[in-house]
1. Within segment A:368-382, work out how many residues are surrounded by fewer than 24 Cβ atoms within 10 Å (Cβ to Cβ) and under 21 Å from A:Gly356 (Cα atoms).
2. Do we have any residue at all in segment B:52-60 that's surrounded by fewer than 20 Cβ atoms within 10 Å (Cβ to Cβ) and either over 19 Å from the mean Cα position of the chain (by Cα) or assigned by TED's automatic domain parsing to the domain that holds B:Leu357 (or both)?
3. Search segment B:182-194 for residues that are more than 23 Å from B:Val370 (Cα to Cα) and pair each with any residue that is at pLDDT below 95 and of a type in the set (D, E, K, R) when their beta-carbon atoms are under 6 Å apart and the residues are at least 6 apart or on different chains.
4. What's the total number of residues in segment A:323-352 that are surrounded by fewer than 24 Cβ atoms within 10 Å (Cβ to Cβ), in a loop (DSSP other than H, G, I, E, B) and in contact (Cβ under 8 Å) with a residue 12 or more places away in the chain?
5. Any residue at all in segment B:110-117 that's touching a Cys at 6+ places or on another chain (Cβ under 6 Å) and touching a residue at least 60 places away in the same chain (Cβ under 8 Å)?
6. Would a scan of segment B:159-172 turn up a residue that is part of a helix (DSSP H, G or I), surrounded by fewer than 22 Cβ atoms within 10 Å (Cβ to Cβ) and assigned by TED's automatic domain parsing to the domain that holds B:Ala407?
7. I'd like to verify a number: residues in segment A:267-276 that are surrounded by fewer than 24 Cβ atoms within 10 Å (Cβ to Cβ) and either under 27 Å from the mean Cα position of the chain (by Cα) or modelled with pLDDT under 95 (or both), how many?
8. Of all residues in segment B:307-333, how many are more than 10 Å from chain A (Cβ to nearest Cβ) and of a type in the set (D, E, K, R)?
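The values are calculated or read from the model by the stated rules, or taken from the named source; none is laboratory data. What you are looking at is a predicted structure, and each value in this text was computed from that prediction instead of being measured. Glycine also receives a Cβ, built like all others from the backbone with ideal geometry; neighbour counts cover every protein chain displayed.
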2 protein chains.
Amino acid sequence: MSPTITGVEVIDVRFPTSEKLDGSDAMNPDPDYSAAYVVLRTDAPGGLEGHGLCFTIGRGNDVVAATIRSLRPYVEGRTVSSVTGDLGSLYRELTHDSQLRWLGPEKGVVHMAAGALVNATWDLAAKEAGKPVWELLASMTPEEIADLVDYRYLTDALTRDEAVEILRAAEPGRAERTARLREQGYPAYTTSPGWLGYSDDKLVGLAKEAVAAGFTQIKLKVGGSLDDDIRRMRLAREAVGPDVRIAVDANQRWDVDTAIAWMTALAPHEPYWIEEPTSPDDILAHAAIRAGQPVKVATGEHVANRVVFKQLLQAEAVDFVQIDAARVAGVNENIAILLLAAKFGVPVCPHAGGVGLCELVQHLSMFDYVAVSGSWDGRAIEYVDHLHEHFTDPVVVENARYRPPSAPGFSAAIRPESVAAHRYPEGPVWRARLGGDQ
Amino acid sequence: MSPTITGVEVIDVRFPTSEKLDGSDAMNPDPDYSAAYVVLRTDAPGGLEGHGLCFTIGRGNDVVAATIRSLRPYVEGRTVSSVTGDLGSLYRELTHDSQLRWLGPEKGVVHMAAGALVNATWDLAAKEAGKPVWELLASMTPEEIADLVDYRYLTDALTRDEAVEILRAAEPGRAERTARLREQGYPAYTTSPGWLGYSDDKLVGLAKEAVAAGFTQIKLKVGGSLDDDIRRMRLAREAVGPDVRIAVDANQRWDVDTAIAWMTALAPHEPYWIEEPTSPDDILAHAAIRAGQPVKVATGEHVANRVVFKQLLQAEAVDFVQIDAARVAGVNENIAILLLAAKFGVPVCPHAGGVGLCELVQHLSMFDYVAVSGSWDGRAIEYVDHLHEHFTDPVVVENARYRPPSAPGFSAAIRPESVAAHRYPEGPVWRARLGGDQ
């Protein structure tokens, strides 16, 4: 008999990152990196558990946790096999609750909450299968993968038949690419030098360290002041030389005209892409910015769902698609986005950092390489060297490449002692800080 | 000395509407119409209070209520005058909380929560001024109105200067239109006949009643089955005759091809508009549907924010803009949308119904008529005859026109006995239904 999912625990975990300005940018001056952390408990022998999370930057983490709890009836009490045996159906159920849907639809808090649960069920499925998620996905047939996607609102750009066709075209080289991935790892780039709160000296020092560590791409936050950005861009360019790519990231700071003027001013220092130049909802503005200045355009970490990604591709508004493991509704919706990007021939360079986003999203890029786009040319996963020590299966980045995870699951488990210390507001880390406020 | 906002009470109020299939449509089969209801308490003599609400359809109402509570620090303890004297700044603070913004940005639960608070502060301001909200707005100068808007992400379509120009152009006729509004009321249309769960007989009976009551436009829900829709559309057309407009509403049911095929099949019965044919996020799909079949296109009740409305207008994707009083961030963001619609020359026909949406949104259309577009030609506010008895200042629709409210405020106050009865889950209405579950 199949074991049962006996309970869903949801924990508000927060790290006081605002104290060091790690993660500071033009729109997010003081983030406390946080996770609404999900643990699916089962009665399987050996204590099988499924882990997932939604990343937030502090306030509101409790709201996401409460929303995940409101979705528990979809999972609790079901047999593990009924969930892991049909991960397409569960994803659709979670994203189409007829009442919660009103609060999206398919966006914001309710969608992120669904994503955390979906990802936790993928962790469970991969552990059951004894494989890391990337390998579990890459071992499925084109038809099985295609059935994980919800094609509603996609068929003007991607049908199930087209998805199967894309996946079949990538089937022949799977074994070879898997071997190459294990040998070389997946390309990474680093954002660690470029946070807006860092001094020039810290920026230059970290940029040089990044190059010494083998990175061929770094990223700087921009959008505070144009003079500062020109100086920082110049310093970074001098530090890394002409051959290292320097992406810049405005975190949604600008309107169309400002973006075009600002990027035209930075262009002589050859930024590789401009990331999030404006609102993540603004497909037409991204298209106008892409057409109006010489630097390539990237976005995605705040793009709410597959419908907006579809339009960014249809409107030729982006040169790079930046999926995020924990904003859309988990693995299933990200497969739709990988397929859309493959259809339109646009490379996927995931957003990561935060809490556990590197750990999660590496699986999706590796799956993309092995079984969807079949390529890593022009692609790299963001890497930020924060908070990995709190994970039981942390990412390993060596010589600027992500080593493929080998442990079964989704690499989403947070160490029990880290959870205990950082529970909000009752964990000791927060009790000490909140003091008399509690 | 100005009185102080001493507290923000947030109450989860739900009505068990799913029992009668009132409000049923192709995507929302079983709504329990609900409100996350906000009461701003003050220490002003006479018990001045500000009321606002976020409408939901049941599950998740608690999540919105919790999110509103997390925004209380922006309001609690402030003087009434510091809030009501600068309603532009407070709106920007509420929508740009540097941490909660991550959960949107400006969409879904966090945005709706901000909207409920913004609307409650408008109720407070209007009561202080001794005017209904529509009249308070219509008494402001073009510059004062223009300063209520956040132009971020709008300037490629609407600048503050252009907003002032639009408002100045409508200034001369304000007094005359106010008088005409008081005399004639604002046009309404009714959705009451057309819920998907109703029998053919009920549909025909209610459609005839609507015409007898003076309505020149009704609305039917569609999107369940094409055969049913053709039959229902034919029955409705026979019941109301050739001169009454019959709008249809698919509640996001379709992809592009299906929408075009379905509406082409319904077109012989002359539907007035097709509402929400597909995802509210899909600007390009709305444009394709508008271009691909003969029926006019309307959307808006689920459009997340002004940025998406802007694009629907830029892409010529809609013939009607359907604002909702409680989905975007309240009065301020709706003023931006009214100005965008005026700029593009597209009429605004608000979504209403739900809990209190008619009560709230009538103020915005009346303000639009007096001071923004200056016209009610081709415009009508949706009217649904549900739940008005629970409001202390319910809408008055006579001969298919909304009478302009005269009581100071935003008409958002729910009767205390209704709140007490319908509190979820502890009110007697729910205790009786939930029984042993609690």
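1. Here the count works out to 1.
2. Here is the first cut: in segment B:52-60, the residues surrounded by fewer than 20 Cβ atoms within 10 Å (Cβ to Cβ) are none.
No, the conditions are met nowhere in segment B:52-60.
3. Filtered contacts from segment B:182-194: B:Ser192/B:Asp385; B:Gly194/B:Lys221.
4. 2
5. yes
6. No, segment B:159-172 contains no residue that is part of a helix (DSSP H, G or I), surrounded by fewer than 22 Cβ atoms within 10 Å (Cβ to Cβ) and assigned by TED's automatic domain parsing to the domain that holds B:Ala407.
7. Residues of segment A:267-276 that are surrounded by fewer than 24 Cβ atoms within 10 Å (Cβ to Cβ), as a first pass: A:267-270, A:272-273.
Keeping just the survivors that are either under 27 Å from the mean Cα position of the chain (by Cα) or modelled with pLDDT under 95 (or both) gives A:270, A:272-273.
Number of matching residues: 3.
8. Count: 4.
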